[in-house]
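The values are calculated or read from the model by the stated rules, or taken from the named source; none is laboratory data. Quantities reported herein were computed from a predicted structural model and do not represent experimental measurements. Ideal geometry is used to build each Cβ from the backbone, glycine not excepted, and the neighbour counts take in all protein chains shown.
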Amino acid sequence: MASILKFQDMKKLSKGISMVTCYDYWSARIIDGTNIDAILVGDSLAMVMHGHKDTILATVELMCMHVGAVARGAKQKTIIVDMPFLSFRKGLTDSMNSVLRIIQSGAHAIKIEGAKGNLELISHIVESGIPVMGHLGLTPQFVNQLGGFKVQGKQKEEEEEILQSAIALERSGCFAIVLECIPAKLAGVITEKLQIPTIGIGAGPSVSGQVLVLQDMLGMNSGFSPKFLKTYLDGYQMIKNALNDFDEEVKTEKFPLENHCYY
Ligand code: KIV
């Protein structure tokens with residue numbers, strides 16, 4: 001059964017936790033047959049799947065639609081889902097209704113960006129039986145305040161604020177924290193200080209695990225090459241080649257052949 005409990009043990013045993021984003025049924029089925037430890041239905045789906053310029057336009061409805069598809073495809077994996085922009089800042093009742101809808105769509109845990117103003121709600125969600133993952137550093141829902149998708153925690157005061165936020169999130173009951181685009185040294189300090197695991201993206205190696213956006217690590221997002229990203233496939237070119245091969249075979253009557261026909 002999918003469970004968050006193994007992540008704490010993995011940190012204790014220094015076993016790296018692997019997590020990728022997933023937004024749909026067919027990639028969920030592929031991931032389900034791999035050794036990847038967890039799936040994140042990130043609100044990055046607003047950008048990756050729907051072509052928006054940031055994650056602000058993700059809604060609870062949209063997240064739930066994608067979570068349902070992922071849950072139908074990945075029966076073995078722990079599915080963590082982003083609470084979209086402002087869905088957890090609307091007072092206790094509305095926020096809990098949003099959490100409920102996401103959990104009922106198939107999530108095992110939720111992720112909330114930022115610490116300030118969220119700690120009480122996080123404790124309430126955790127006390128209600130729902131595991132919560134924190135997210136600090138570059139928090140894309142704050143893009144308009146941060147002035148873009150920029151590395152965070154480079155200044156001493158920022159560094160201290162991120163560290164204190166991480167400690168506060170752990171105290172509020174988070175089972176893990178995503179650290180996005182912060183200096184590797186700071187990520188290491190936070191990971192040392194906390195009992196709970198840290199999952200990095202652009203946060204260097206001294207964390208408990210790594211997360212990447214599936215389409216980025218498969219090289220589908222052509223032209224997107226931030227420093228932290230490693231691509232494990234040239235997916236964009238491979239898919240283009242396959243489509244052009246199909247096109248050519250249709251035009252040269254090489255497909256379908258006799259073995260593709262019903263008799
Ligand atoms: O939305 C997302 O995909 C994320 C990851 C980048 C951590 O939050």
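Here Val126 meets the list (1) within 16 Å of the ligand (Cβ to nearest atom); (2) in contact (Cβ under 8 Å) with a residue 40 or more places away in the chain; (3) closer than 20 Å to Ile110 by Cα; (4) β-branched (Val, Ile, Thr) almost entirely, failing just condition (1). Take segment 1-17 and flag every residue that is touching a strand residue (DSSP E or B) at 6+ places or on another chain (Cβ under 6 Å) and modelled with pLDDT of 95 or more. Passing the criteria: Phe7, Met10, Gly16, Ile17.
It is to be established whether one or more residues within segment 22-32 are more than 16 Å from the ligand (Cβ to nearest atom) and over 24 Å from Met217 (Cβ atoms). So far as segment 22-32 goes, no, none of its residues is more than 16 Å from the ligand (Cβ to nearest atom) and over 24 Å from Met217 (Cβ atoms). Kindly evaluate Asn221 against the criterion of being closer than 26 Å to Ala46 by Cβ, more than 15 Å from the ligand (Cβ to nearest atom) and in contact (Cβ under 8 Å) with a residue 60 or more places away in the chain. When the stated conditions are applied, Asn221 does not pass them. All conditions in (1) assigned to a helix (DSSP H, G or I); (2) within 14 Å of the ligand (Cβ to nearest atom); (3) in contact with an Asp or Glu (Cβ under 7 Å, 6 or more places away or on another chain); (4) not basic (Lys, Arg) hold for Ala69, with the sole exception of (2). Whenever a residue of segment 235-263 is closer than 28 Å to Phe224 by Cβ, its partners that are of a type outside the set (A, V, I, L, M), lying with C-beta atoms within less than 6 angstrom and at least six residues away or across chains, give the pairs Gly235/Gly219; Tyr236/Gly219; Tyr236/Ser222.
Would you say Ile31 is part of a helix (DSSP H, G or I) and of a type in the set (Val, Ile, Thr)? Judged against the criteria, Ile31 is a match. Taken across segment 108-131, residues that are within 25 Å of Val20 (Cα to Cα) and of a type in the set (Asp, Glu) do occur, with at least one present. Count of segment 72-102 residues, restricted to those that are crowded, with 21+ Cβ neighbours inside 10 Å, away from the ligand (no atom under 15 Å from the Cβ) and β-branched (Val, Ile, Thr), is 1.
Is it the case that some residue within segment 188-199 is of a type outside the set (Asp, Glu), closer than 30 Å to Lys240 by Cα, touching a strand residue (DSSP E or B) at 6+ places or on another chain (Cβ under 6 Å) and crowded, with 18+ Cβ neighbours inside 10 Å? No: zero hits. Gly223 meets the conditions (1) surrounded by 10 or more Cβ atoms within 10 Å (Cβ to Cβ); (2) out of contact with any Gly (no Cβ under 7 Å at 6 or more places or on another chain); (3) part of a loop (DSSP other than H, G, I, E, B); (4) not aromatic (Phe, Trp, Tyr) in every case but one. The failed one is (1). Looking across segment 41-54 at every residue that is buried (at least 22 other Cβ atoms within 10 Å of the Cβ) and under 12 Å from Lys111 (Cβ atoms), the one that is farthest from the ligand (Cβ to nearest atom) is identified as Val41. The listed residues are Asp94, Asp43, and the only one of them that is among the acidic types (Asp, Glu) and not in a helix (DSSP H, G or I) turns out to be Asp43. Selection of segment 205-263 for residues being hydroxyl-bearing (Ser, Thr, Tyr) and under 30 Å from Lys11 (Cα atoms) yields Ser206, Ser208, Ser225, Thr231, Tyr232.
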